[in-house]
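Report on one structure; see the data block that follows.
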Amino acid sequence: MPHGKILLMTPGPTLVDSEVLLELARATINHVSDEFDSIHLGVVNNLKKIFGTSGDLIVLPGSGTSAMELALRSVVKRGSKVLVLKTGYFAGYLADGVRYLEGSPEIVESELGKGFDGNLLDRIIEKHRDVDVIAFQHVDTSTSVANPVSELAKVEGDWGLRAVVDGVASIGGMEMEMDKWGVDVCFTGSQKALGVPPGLGIVAFGSRFSQELDESSSLSLYFNIPKLRREMQSTKNYYITPAVNLVYGLAKSINNILEEGLENRYKRHRIMAEAVRGAAEKTGLKLVAKEGFQADTVTAIYLPEGVIWPDLYRSMKAKGVEIAGGLGELKGKIFRIGHMGQVGYNEIIATIAALERSLRELGYPTELGTAISHVQQILAGYGN
Ligand SMILES: Cc1ncc(COP(=O)(O)O)c(C=O)c1O
């Protein structure tokens, strides 16, 4: 099947609208010209609305991990103690990032499928009173576990600590209110719920933290916060060359996001997540993330007995739908469906229909139409 015909339902990269892709094909222009400066400034200002901050925001060429590294550099110095709340595979990235900066990570792991709540975090900090920073995933893409960011940020604020939130699998698909909730640093990549191809890292600072940011901390040639901050005010303050064409794509996608409206967009994500979870459960499959901690952007589902991942992947792809497998400890045990960004209800219907046929083909006893009928009920119930 040609690539263009494959429905991309992985949790990143995600579907990109053709009008966003077409932006990438526009003529590359001078990055310090008035024209590009104005496009870039528009992107930075609009992204602040999505992150809910009036503080600084940096867009840089790189993947989500580049944004993570820049974010960590803003709060971690040699000797910093960082509490990493682990809800899946990507906590390992945060911990390694801290180690490379010569800080010391203290990893606390949740029960598989659960996140952390405010009371639990409070009790954990009681036992780790020497920590300076708390770092966690809003959504860990590997487990589809979501943490209640506002609750956790409140506890962090009460203890006078800094909070770094990995929003790679949530920003653009789930609410983020950095200033209101007291989040100091949050980051993402372009290829997830923002609906842009991979290649841009985005780091946002809360407005209070922006003013207190110690510009001398953990500098490096590339991850140079003071110089990048100046470039974000105007690309004429050249430090590194922006990814001009990706920025065009991001500008278009953000305009579309704001046109859809953030509340509408988050609601659409909640409905898609409910439909996918409901379909899985109707089929007798078990979800990884437990109630109360389920992401709206991705769903991790245990493979039923007798069905192995390579077969499911191949069968789904033959039906024109690409899904993702497990990462780390869950490799070979689960599969994941991404439902973020430009994915809509029609894509959910196509995916669940293909899943029913694939499972049956692979010997799992399921009646065709059970899951899809449930999805139909959910969508119709919301008037879609
Ligand atoms: C939650 C989370 N954090 C970090 C990353 C790393 O981002 P990237 O692969 O863009 O470097 C990912 C990638 O999937 C992710 O899902």
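The table for this structure:
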| read-out | value |
| --- | --- |
| Cβ-Cβ under 6 Å pairs, at least 6 apart or on other chains, the range 359-373 side surrounded by 14 or more Cβ atoms within 10 Å (Cβ to Cβ), far side modelled with pLDDT of 95 or more and of a type in the set (A, V, I, L, M, F, W, C) | LEU362/VAL307; TYR364/VAL307; THR366/LEU359; ALA371/ALA279; ALA371/ILE352; ILE372/ILE352; ILE372/ALA353 |
| Residues (without any contact (Cβ under 8 Å) to a residue 60 or more places away in the chain, part of a helix (DSSP H, G or I) and crowded, with 17+ Cβ neighbours inside 10 Å) located in the range 215-226 | none |
| Enumeration of residues in the range 325-353 that are among the aliphatic types (A, V, I, L, M) and within 25 Å of the chain's Cα centre (by Cα) | LEU327, LEU330, ILE334, ILE337, MET340, VAL343, ILE348, ILE349, ALA350, ILE352 |
| Output for the range 66-78, where each listed residue is under 7 Å from LEU101 (Cβ atoms) and assigned to a helix (DSSP H, G or I) | LEU72, ARG73 |
| Test: THR53 is in contact (Cβ under 8 Å) with a residue 40 or more places away in the chain, part of a loop (DSSP other than H, G, I, E, B), farther than 25 Å from ALA300 by Cβ and hydroxyl-bearing (Ser, Thr, Tyr) | yes |
| Residue match in the range 113-126 (condition: among the basic types (Lys, Arg), under 24 Å from THR297 (Cβ atoms) and assigned by TED's automatic domain parsing to the domain that holds GLU175) | yes |
| Lone qualifier among LYS267, LYS252, LYS236, LYS192 - being modelled with pLDDT of 95 or more, assigned to a helix (DSSP H, G or I) and not assigned by TED's automatic domain parsing to the domain that holds ALA353 | LYS252 |
| Positions within the range 263-287 being surrounded by 24 or more Cβ atoms within 10 Å (Cβ to Cβ) and touching a helix residue (DSSP H, G or I) at 6+ places or on another chain (Cβ under 9 Å), in sequence order | MET272, ALA275, VAL276, ALA279 |
| Count of residues meeting criterion [more than 21 Å from GLN211 (Cα to Cα) and crowded, with 21+ Cβ neighbours inside 10 Å] in the range 65-85 | 4 |
| Selection status of LYS180, within 9 Å of the ligand (Cβ to nearest atom), in contact (Cβ under 8 Å) with a residue 60 or more places away in the chain, of a type outside the set (A, V, I, L, M, F, W, C) and outside any strand (DSSP E or B) | no |
| Residue among PHE205, PHE187 that alone is of a type in the set (A, V, I, L, M, F, W, C), crowded, with 22+ Cβ neighbours inside 10 Å, modelled with pLDDT of 95 or more and within 13 Å of the ligand (Cβ to nearest atom) | PHE187 |
| Where LEU47 falls short, out of the listed (1) on the phi < 0 side of the Ramachandran plot; (2) within 16 Å of the ligand (Cβ to nearest atom); (3) in the same structural domain as ASP179 (by TED's automatic domain parsing); (4) under 15 Å from the mean Cα position of the chain (by Cα) | (2) |
| Single residue of GLY42, GLY62, GLY97, GLY88 found to be in the same structural domain as GLY167 (by TED's automatic domain parsing), crowded, with 21+ Cβ neighbours inside 10 Å and touching a helix residue (DSSP H, G or I) at 6+ places or on another chain (Cβ under 7 Å) | GLY97 |
| Residues satisfying the stated conditions in the range 149-161, i.e. outside any helix (DSSP H, G or I) and either in contact with a Phe, Trp or Tyr (Cβ under 7 Å, 6 or more places away or on another chain) or within 16 Å of the ligand (Cβ to nearest atom) (or both) | none |
| Residue that is farthest from the chain's Cα centre (by Cα), among those in the range 298-320 that are part of a strand (DSSP E or B) and farther than 19 Å from GLY363 by Cα | ALA300 |
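The values are calculated or read from the model by the stated rules, or taken from the named source; none is laboratory data. Small disclaimer: the values here were computed from a predicted structure and weren't measured. Note: ideal-geometry Cβ built from the backbone for every residue, glycine included; neighbour counts use all protein chains shown.
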